[in-house]
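The values are calculated or read from the model by the stated rules, or taken from the named source; none is laboratory data. These numbers were taken from a predicted model, which means no experiment stands behind them. Heads up, the Cβs are rebuilt from the backbone with ideal geometry, glycines too, and the neighbour counts pull from every protein chain shown. Ligands, DNA and RNA are excluded from the accessible area calculation, which covers all protein heavy atoms including side chains. Shrake-Rupley method; radii C 1.70, N 1.55, O 1.52, S 1.80 Å.
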Amino acid sequence: MAERRMRRGEEHATPHGETPYSPTSLLRALTADPYSVDPLREDEHPLESATPPDNRRMRAVTLLLAVLLGFAVAVSVVDLRQEAAGADSPRALLEEEVLEVRAETDLLEDRRTLLEQEILEAQEEVLDTADGSSAERIGEYERAGYGVSLTGPGVQLTLDDSAPLPSRPGAGPGAVNRVADGDLQIAVNGLWAAGAEAISVNGQRVTETTAIRTAGSAVLVDFRPLSPPYEITALGDPEQLRAGVEEAEAGEYLSEISTRYGIGLTWTAGEDLSTPARAQGTLREASVLEDPAGSAPADLRDPTPDSAAEGGEDQEDTP
């Protein structure tokens, strides 16, 4: 048995070329001949030879490598930021496209204003040669179709987003409660019910067919995006308008969102408020097409009594 043991200091014979102290070689040695495996000695532990020496030179090398690695990371971050902020970056291209679209929109708005002025001038020339009642009728039609701006006394109801509210007492700024399209709808309908003669929201005239909707985080009035604060101008008796809204369900709703969610609510009376004209749309007319011969098609003509009687006789003779 003693001969089968290996002497201290000799290397252990392991199959397949494993290192003496690898897990696989130990398992193989224990399985093959457990008596030939000697315990590890402290001076022969493989980790001692694998651990790098701890001296000033190694510390200096480690520090130098850390500095070089940090410098390489910093350079990479700077290069990435420069590429993101460059002239050919997606953000820069998108900003440039937005600016171009805005400039084109401004040019189209100016052209529309110019064309509307030319139409008014041509209309005045035609009315000068017509009778006086024509101008009065056109004025009535324009006022009924919201085609003219109106000025007079009224109120201005301002709705604004809340300040950043803390999530709990003593905490920092939290979420912001924003004015929704439903809030504007209730306010506008309340003013209509109180007797408003004309209403506009941030310079956009409101009519019976005006749509107030939300797209993303923006509120649209007649498909035009608006931003807070939302100033609702209503023409009429100031005291009557405010009292009519506050005493109705619309006033209770506005008061609740103001006290509960922090939505800004401000009333301002004025004697010289104005609501702009609404952009005129394209007028289309429909007419009934008549047959060139002056008669309706044969399949649409009513049967004559004679033909009905003949048809009845035929039905009676038919078995």
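Listing for the model above:
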item	result
Residues within the range 201-246 that are touching a Phe, Trp or Tyr at 6+ places or on another chain (Cβ under 7 Å), open to solvent by less than 50 Å² (accessible area, probe 1.4 Å) and touching a residue at least 60 places away in the same chain (Cβ under 8 Å), tallied	2
Evaluation of residue 253 against (1) touching a helix residue (DSSP H, G or I) at 6+ places or on another chain (Cβ under 7 Å); (2) over 17 Å from residue 158 (Cβ atoms); (3) open to solvent by 70 Å² or more (accessible area, probe 1.4 Å) (one fails), failing number	(2)
Tally, over the range 257-284, of residues that are open to solvent by 50 Å² or more (accessible area, probe 1.4 Å), among the aliphatic types (A, V, I, L, M) and modelled with pLDDT of 90 or more	2
Breaking point among (1) within 21 Å of residue 159 (Cβ to Cβ); (2) modelled with pLDDT of 90 or more, for residue 237	(1)
Test for residue 196: is it open to solvent by less than 40 Å² (accessible area, probe 1.4 Å) and in a loop (DSSP other than H, G, I, E, B)	yes
